[in-house]
Each structure stands twice: as C-alpha cells, then as structure tokens.
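Right, one structure below, let's go through it.
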Amino acid sequence: MLEAKLESLAEEARRAVAAAAEAAELEAVRVRYLGRKGELSQISRQMGKLAPEERARIGRLLNTVKRELEELLDERKRRFDEEALRARLESEWVDLTLPAPGPRPGSLHPVTQIQAEIEDLFVSLGFTVLSGPEVETEYNNFDALNIPPEHPARDVQDTFWVEGGNLLRTHTSPVQVRGMERLGPPLRMIAPGRVFRNEEVDASHEHTFYQLEGMMVDRDVSIGHLIYFMKTLLSAIFHRDVTVRLRPGYFPFVEPGFELDIHCLICGGKGCSVCKQSGWLELLPCGLVHPNVLRMSGIDPEEWNGFAFGLGLTRLVMMRYAIDDIRLLQSGDLRFLTQF
Ligand code: PHE
C-alpha cells in the first residue's frame, strides 16, 4: 500500500519537476515533495506502524526516491541558472573592438558664414576685400573720418582707449582711410571685421561685434549707385524682398548720410526686444563720402566722389536666423553653434 503510494508520488514529483517553467516554480515543487512538511516526510511518519523488515524496505525505497528527486531538482535548477546567465550575457554584450565615434566635425560660426557670402558677392562686383587692425590710431578711427577731438560724434561711440593714445576701433570705417591712402581712386573695397564699444551688454548690445564696411570711390558716383548696391546686397543675403526704408542719418564722414532700416524679421514689424518695439532695425548706415574725408586721404573731391556703408554683420546674422539674444553669438555654447 505505502509502496504503491510512494511510487505514484515519485512519478507525480518527476512530472512536476519537468513541468516547472522557472526557478520559483521549481522551488515550490521542492517544498511540496521534499520539504519538512512535504509529501515524503508524511510517508516517513506513517512508517512507524510497519513491521521491521517492511519498514527497512520502504525506508530504503524512500531514500532512493528522495535522492533521485534531489538530483532531478538540482539538475533542473542548474538549467535555469545557465539560461538566466546566458540571457544576461546576451543583454549586456558590448563589442569592445568597435571603433570609437571620433570627434564631431566642426562648423563655421554663423558670422563667418555670412561674411564669406558677402565677400563673394562683392568680389563678383569688382570690390577688393581689405582688413585693418583691431587696435587703431585715434587719427584713423576719428580725425580722418571728419571727427575731430571735440566733435560730439565721438560720444556716440563709447571707446575703449589703450595705452599710448590708441584705441580698440569702434567701427570698421578706419579701413576706409587705410584703403584710400594705400590704394587711391578709383576704389571699390569692403572690410569685414570685429569692432568694440564700451557698451552695457543686453539682448541687443555687445561690447564686441562685427561690421562690414564698404566704400566705392569713382567719378560721378550717385545716391542711385548707393541704393543699387544696397538692394543687391540685401536681396542676396535674405534671398527675398525685405521691406526697407531710408531715413536721413548723421555721420560726419558722409554727406548726405542715411540710415537704411529693414523691417524686423524676428517679429515681422510688430515690435520685440531686438527692434526695441519699433518694428524696424537699423541695419545699414550709409551715404556719400564727405569731401573732407576724401581730401584728408589725398583724394581730390573735385574729381572723385563715392559712397560708403557700414553693415552690422552681427545684427544681420540675428535677423537671418531669428536669434533674439546677441549674447548667444559669443557664448561659445556648442548647443547653439552646432545648429549652423
Ligand atoms: N561707421 C559707422 C558706425 O559704425 C557706420 C557708417 C559707415 C555710416 C559708413 C556711414 C557710412 O556707426
């Protein structure tokens, strides 16, 4: 009786071991058959009633069944462990022989990009690209541009003076002087570069920014020429018609002088922090070269005349890409720069 029961229990346990789908199930099977209150323990408790040799025989059988089940359970447990390990190795697999991603390719700063485009345009129109020093003489930056020492126009450009009476150029206009002195008329030149002003920095003001100077000196140059070149320039930059307006503007080195404004491309003319709520941006001061300026650089104003303009390159970049804070351009922040 007990023997048959043992056999059928053993068979049932073998099947349960085989059917266990995971480690936790297997553990439940072990507890159920081999645990202290398990099926086999109950049988051994009933053995007390048996005759001695019967008890010995069933006892041996019970031990055999126990050992067999233990082995089956161990074997199955090992399988589960191996599978778990294999799955983990698979998921954590890394190929250390793969090449590293390598350095990110660099890109040109948006100011550099727009500068190169404008240089290409003006070179195609017969202009020479000149560069001048960032530390300038007071004479080139002011006097030779018809701004003598006591002239109020000096106050408009808060100046960083350096030792020895020189200064950090407040505009690219001193390169006009260098161009006229060095090359003489007829002259078509542009001069992109960095300029400096002692400014309070905010969303639309920087102490360091970029301009692009332009100058043409020839015979019978008119405002018509000036407007033609300015329109050519703006439509090349924006690849579309931009709304412009011409207002009288005062610069001692041009007469007549103009402010060429463009409709703010950031707010579309509604008013924002960049255009100071006006809807317009001063982008292109320009005018006909003052006779005094020509004369001081050794050019006879009776024979020659010309136009000049000073494009705000930094502002232009802000317009083109709708950047509403000038400080981003010099932040060095790669999250900003990698967009261009
Ligand atoms: N140099 C002037 C400025 O920076 C701009 C300008 C250049 C105006 C050429 C007229 C002609 O304010």
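The values are calculated or read from the model by the stated rules, or taken from the named source; none is laboratory data. Here the structure is a predicted model, which means the values were calculated and not measured. Note that each Cβ is placed from the backbone with ideal geometry, even for glycine, and that neighbours are counted across all protein chains shown. Note: areas computed on protein heavy atoms with side chains; ligands, DNA, RNA excluded. Shrake-Rupley method; radii C 1.70, N 1.55, O 1.52, S 1.80 Å.
On the given criteria, is GLU25 touching a helix residue (DSSP H, G or I) at 6+ places or on another chain (Cβ under 9 Å) and modelled with pLDDT of 90 or more? The answer is yes for GLU25.
The set of residues from region 152-170 being in a helix (DSSP H, G or I) and within 14 Å of the ligand (Cβ to nearest atom) comprises ALA153, ARG154, ASP155, VAL156. Residues in region 205-237 that are outside any helix (DSSP H, G or I), small (Gly, Ala, Ser) and away from the ligand (no atom under 15 Å from the Cβ): SER222 only. Of the residues making up region 122-151, those that are buried (at least 18 other Cβ atoms within 10 Å of the Cβ) and in a loop (DSSP other than H, G, I, E, B) are PHE127, LEU130, GLY132, PHE142, ASN146, ILE147.
Consider region 134-151 and keep the residues that are within 16 Å of the ligand (Cβ to nearest atom) and within 34 Å of the chain's Cα centre (by Cα). The one that is nearest to ASN292 (Cα to Cα) is GLU136. Within region 318-328, does at least one residue satisfy the condition of being part of a helix (DSSP H, G or I), open to solvent by less than 10 Å² (accessible area, probe 1.4 Å) and assigned by TED's automatic domain parsing to the domain that holds VAL177? Yes. Candidates in region 238-273 are the residues that are away from the ligand (no atom under 13 Å from the Cβ), assigned to a loop (DSSP other than H, G, I, E, B) and touching a strand residue (DSSP E or B) at 6+ places or on another chain (Cβ under 7 Å); of these, the one that is farthest from ILE323 (Cα to Cα) is THR243. Here GLU90 meets each of (1) acidic (Asp, Glu); (2) exposed (fewer than 12 other Cβ atoms within 10 Å of the Cβ); (3) in contact (Cβ under 8 Å) with a residue 40 or more places away in the chain with one exception, condition (3).
Pairing residues of region 246-263 that are over 15 Å from CYS275 (Cβ atoms) with residues that are open to solvent by 60 Å² or more (accessible area, probe 1.4 Å) and more than 9 Å from the ligand (Cβ to nearest atom), at Cβ distances under 6 Å and at least 6 apart in sequence or on separate chains, gives GLY257/TYR250; PHE258/LEU246.
Matching residues to (1) of a type outside the set (Gly, Ala, Ser); (2) in the same structural domain as LEU329 (by TED's automatic domain parsing); (3) closer than 29 Å to ALA236 by Cβ; (4) in contact with a helix residue (DSSP H, G or I) (Cβ under 7 Å, 6 or more places away or on another chain):
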| position | (1), (2), (3), (4) |
| --- | --- |
| ALA116 | no, yes, yes, no |
| PHE127 | yes, yes, yes, no |
| PHE142 | yes, yes, no, yes |
| ASP158 | yes, yes, no, no |
| GLU163 | yes, yes, no, no |
| GLY179 | no, yes, yes, no |
| ARG182 | yes, yes, yes, no |
| LEU187 | yes, yes, yes, yes |
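Scanning for something touching a residue at least 40 places away in the same chain (Cβ under 8 Å), buried (at least 17 other Cβ atoms within 10 Å of the Cβ) and either within 16 Å of the ligand (Cβ to nearest atom) or under 28 Å from ASP155 (Cβ atoms) (or both), does region 330-339 turn up at least one residue? Taking every residue of region 330-339 in turn, none turns out to be touching a residue at least 40 places away in the same chain (Cβ under 8 Å), buried (at least 17 other Cβ atoms within 10 Å of the Cβ) and either within 16 Å of the ligand (Cβ to nearest atom) or under 28 Å from ASP155 (Cβ atoms) (or both). Among the residues of region 7-26, the ones that are of a type in the set (Gly, Ala, Ser), open to solvent by less than 50 Å² (accessible area, probe 1.4 Å) and part of a helix (DSSP H, G or I) come to 4 in all. The set of residues from region 290-340 being within 18 Å of GLY214 (Cα to Cα) and of a type in the set (A, V, I, L, M) comprises VAL293, LEU294, ILE299, ALA308, LEU311, LEU313, LEU316, VAL317.
Among the residues of region 278-314, write down those that are in a loop (DSSP other than H, G, I, E, B), at pLDDT 95 or above and more than 13 Å from the ligand (Cβ to nearest atom). Hits for region 278-314 are SER297, GLY298, ILE299, ASP300, PRO301, GLU302, GLU303, TRP304. A Cβ distance below 7 Å, combined with a sequence gap of six or more or placement on separate chains, defines the contacts here; from region 211-224, residues that are of a type in the set (Asp, Glu) reach residues that are open to solvent by less than 50 Å² (accessible area, probe 1.4 Å) and more than 13 Å from the ligand (Cβ to nearest atom) in the pairs ASP218/PRO185; ASP218/TRP304.
Among the conditions (1) open to solvent by 70 Å² or more (accessible area, probe 1.4 Å); (2) part of a helix (DSSP H, G or I), the only one that ASN198 does not satisfy is (2).
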